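All of the numbers you see were taken from the coordinates with simple rules; none came from a lab. Keep in mind that what you see is a predicted model, and the values were worked out from it rather than measured. We place every Cβ from the backbone using ideal geometry, glycine too, and count neighbours over all the protein chains shown.
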Amino acid sequence: MYTKVLIVGANSYVASQCLPGLKFHDSAVFLVSRESIPSIDPSKINQAKTLKLSNYEDSNVLNTLINFLQLKSDDNLLVINFTGSFGSIESLENLNLESFAFEVNQNLIPFMVLSKLISTCDSGLFLSFAGAGIGGDNLEVASLSYLTSKASIVLLVEGLDNVLRLDGIRVGAISPGAFPSRMQKLVAESENTSAVSMERKRQALKTLESEVDPNKLISLLNFLIENPDMAGGRVWSANFDTLKTEFPDKNFGKLRRVY
């Protein structure tokens, strides 16, 4: 189906839980991470090639990725972006605006680089992660830069999909649910009571102590990989959405005002 698969952020906890269960068939797989050795054994994923890439703000990153993939315009490319920087835990009152802007860019620049990358192909699917409770009742306000980044990505997903789908490329987002990741550990251990409530700390501790079950997220990823048109322009919830190819509401998975 896809000639090549690019996994970015292959060292993340969520990636390590999901990658063994994803179905890439005979696609050539490429893993990119900020560390030299991805958490998942590359030999178990179609002899995947690996690349260490620590600075997405570098002007040469796009060319580096194109050369790493040996990308051709007629490739049907699948990109899954697991990258995410939680940023500073701080209240609005004490927020450092320079740090805020830097942290937002840490999340948005990789997303835009990968958007530019897939736009060079004739066809493909780009999946990124929304997180931060976007589209649900539990918005993550402990890190305002993280919340800003993920909210921006959801709207960018719809906007870019509206443009790129005309060229055979779909862009979608996934809300994976809470995992016992570094992000939850930072919240659970935070002593900043002005930014993290006791209830939020309890939620984080509960997540850290819970047994990991990535099956819902794996099922969603495999469903969207097989059905790119269902991914396009939408944010999907791994925990709450039913995997089906028809919906009565055309605005399913999109941020809309409800009257």
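Quick one: putting +1 on the C-beta of Lys and Arg, -1 on the C-beta of Asp and Glu, what dipole do you get for the chain around its Cα centre, in Debye to the nearest 20?
300
P(r) of the stretch 1-120 in 10 Å steps, Cα pairs, percent per bin?
13, 43, 30, 11, 4, 0
If you fit an axis through the alpha-carbon atoms of helix 215-226 and take the longest principal axis of the Cα set of the chain, what angle between them do you get, 0 to 90°, nearest 10?
40
For the residues MET198, MET112, what sequence is obtained by ranking on other C-beta atoms within 10 Å, fewest first?
The fewest-first ordering by Cβ neighbours comes to MET198, MET112.
With only Lys, Arg, Asp and Glu charged, each at its Cβ (+1 for the first two, -1 for the last two), find how big the charge dipole of the stretch 1-127 is about the Cα centre; round to the nearest 20 debye.
520
Compute the angle between helix 198-209 and the longest alpha-carbon principal axis of the chain, please, reported from 0 to 90 degrees and rounded to the nearest 10.
50
Report, in degrees rounded to the nearest 10, the 0 to 90 angle that the Cα long axis of helix 97-118 makes with the longest principal axis of the chain.
So the inclination is approximately 20 degrees.
Determine Rg/Rh for the stretch 169-211; Rg is computed over alpha-carbon atoms and Rh is the Kirkwood hydrodynamic estimate from the same atoms.
Result for the stretch 169-211 is an Rg/Rh of 1.15.
Test of understanding: ordering LYS52, LYS150 by Cβ neighbours within 10 Å, fewest first, what list do you get?
Sorted ascending by nearby Cβ count, the order is LYS52, LYS150.
Please name which of LEU95, PHE126, SER143 has its Cα lying farthest along the dipole of the chain towards the positive end, using unit charges on Cβ (Lys, Arg +1; Asp, Glu -1) and the Cα centre as origin.
Checking the options against the dipole of the chain, the answer is PHE126.
In terms of the ratio Rg/(2.2 N^0.38 Å) built on C-alpha atoms, what value belongs to the stretch 117-201?
In units of the globular-protein estimate, the stretch 117-201 measures up at 1.35.
Based on the Cα gyration tensor of the chain, what are the three equivalent ellipsoid semi-axes, each the root of five times an eigenvalue, rounded to whole Å and given largest first?
Taking √(5λ) for each eigenvalue gives 28, 21, 19 Å, largest first.
Along the charge dipole of the chain, which of VAL154, LEU62, GLY168 sits closest to the positive end, that is, farthest toward it, with unit charges on the beta carbon of Lys, Arg, Asp and Glu (+1, +1, -1, -1)?
GLY168
So which of LYS116/LYS216; LYS4/LYS254; LYS185/LYS216; LYS52/LYS72; LYS185/LYS244 end up more than 25 Å apart by C-alpha?
Among LYS116/LYS216; LYS4/LYS254; LYS185/LYS216; LYS52/LYS72; LYS185/LYS244, the Cα-Cα distance tops 25 Å for LYS116/LYS216; LYS4/LYS254; LYS185/LYS244.
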